[in-house]
Amino acid sequence: MSSLPRLQEAPGKGQCGPHGQVVEKVETVEWVSERVETVERVLKQVETVEQTVGQVETVEQTSERATAVQDGAHPTLISVKHVSRIYSDGHNGTTHALDDVSLIVRLGEFVSLIGPSGCGKTTLLRLIAGLDQPQSGTLTMQNQPITAPSHERGYVFQQGALYPWATVEDNIATGLKARGVYHAQKPRVAQFVALVGLSGFGLAYPHQISGGMAQRVAIARALINEPKALLLDEPMGALDSFTRIELQDKLLDLWKEFKSTMVLVTHDVDEAIYLSDRVVIMTPRPGRISEMIDIKLGRPRSRSSPDFLRLRAQILEKLHLSGSHPEPEFSI
Ligand SMILES: Nc1ncnc2c1ncn2[C@@H]1O[C@H](COP(=O)(O)OP(=O)(O)O)[C@@H](O)[C@H]1O
Ligand SMILES: [Mg+2]
């Protein structure tokens, strides 16, 4: 950068300035020179910032940078690095369900994965759960490789997947039974029935309760093991909009109460913004993470606030779907 011209001499008080004006304030040559140097320094800084802004950061760099900033207060819980998952259709055909996906989920964070059908959301969630293994890349929880399912990672399926032959209480108890702690912890079952707002329905069978109630049972069944992470695959995807909104609030209450980490798969933009600290946008063929958006709105959130609507428009645009919804929001 060329240096700015220096003033040789500043006029004294009462003398005429360069344009004939009477000078009210005395400025010494040193003082003016110092100011010019300051301006030069600032201009240099602006130049550096312009160069930095010009560099495109990868999703992984963004995620790692954010983690580095937040480390300590919010250490990494789950780390997904360069993960690829290819399915074979059995006829020499293959599907790149996930291609070089990296993601960090911090302790206590509420993260939503959003994207159109087939972009690999369920595949990624199943890998995090340990229900499946990638062809390449690594997945860890608190630096331990994820190689199999664990009660430390609760999983809620899209349709609840309750045992039809078991009551609400017995469905919730299956988590404890799987760990061999049922007899010691039996009283907690009734507590969890109440916790998800199903008091009085403990002895009901799945066919006797509504879809929203069934999802509450599925959430209680996962939460009773006090998992470090709760992984939810479109748990509200099949619910009517009223039940869905009610369950979203219930989920937030549970998230706060258990200080749990939640990873939610959804294709509902409003749901993602309403619930999450961060929205991860995925794109299909091959399944990749295209963007991560921090949701810095306070809670409780208003679905009609200008900030909410601005984020909604921004995410829809990222999904290249502005003006339309990615998929039917729910089916009745
Ligand atoms: N078990 C499987 N065998 C073969 N292809 C699969 C299997 N599971 C998922 N896929 C394919 O992988 C892609 C991603 O699927 P999925 O993770 O279920 O997407 P999403 O949950 O985002 O809808 C899709 O093209 C799907 O058809
Ligand atoms: Mg899915």
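The values are calculated or read from the model by the stated rules, or taken from the named source; none is laboratory data. Given the structure is predicted, the values throughout are model-derived calculations rather than measurements. Here the Cβ positions follow ideal geometry from the backbone for every residue, glycine too, while neighbour counts run over all protein chains shown.
In this structure, is L252 in the same structural domain as S304 (by TED's automatic domain parsing), within 16 Å of ligand 2 (Cβ to nearest atom) and of a type outside the set (V, I, T)?
For L252, the condition - in the same structural domain as S304 (by TED's automatic domain parsing), within 16 Å of ligand 2 (Cβ to nearest atom) and of a type outside the set (V, I, T) - is not met.
Only one residue in L98, L124, L113 is surrounded by 15 or more Cβ atoms within 10 Å (Cβ to Cβ), part of a helix (DSSP H, G or I) and near ligand 1 (Cβ under 9 Å from one of its atoms), so which one is that?
Within the list L98, L124, L113, the selection yields L124.
Given the criterion out of contact with any helix residue (DSSP H, G or I) (no Cβ under 9 Å at 6 or more places or on another chain) and at negative phi, identify the matching residue among Q135, Q159.
When all the criteria are applied, what remains is Q135.
Cβ-Cβ distance below 9 Å, separation of 6 or more or different chains: which pairs start in segment 114-129 with a residue that is within 21 Å of D277 (Cβ to Cβ) and end on one that is near ligand 2 (Cβ under 9 Å from one of its atoms) and not hydrophobic (A, V, I, L, M, F, W, C)?
I114/K121; I114/H267; G115/K121; G115/H267; K121/D233; K121/E234; K121/H267; L125/D233
Scan R188, R244, R216 and give me the residue that is surrounded by 17 or more Cβ atoms within 10 Å (Cβ to Cβ) and assigned by TED's automatic domain parsing to the domain that holds G120.
Working: R188 fails: assigned by TED's automatic domain parsing to the domain that holds G120; R216 fails: assigned by TED's automatic domain parsing to the domain that holds G120.
From the options R188, R244, R216, the qualifying one is R244.
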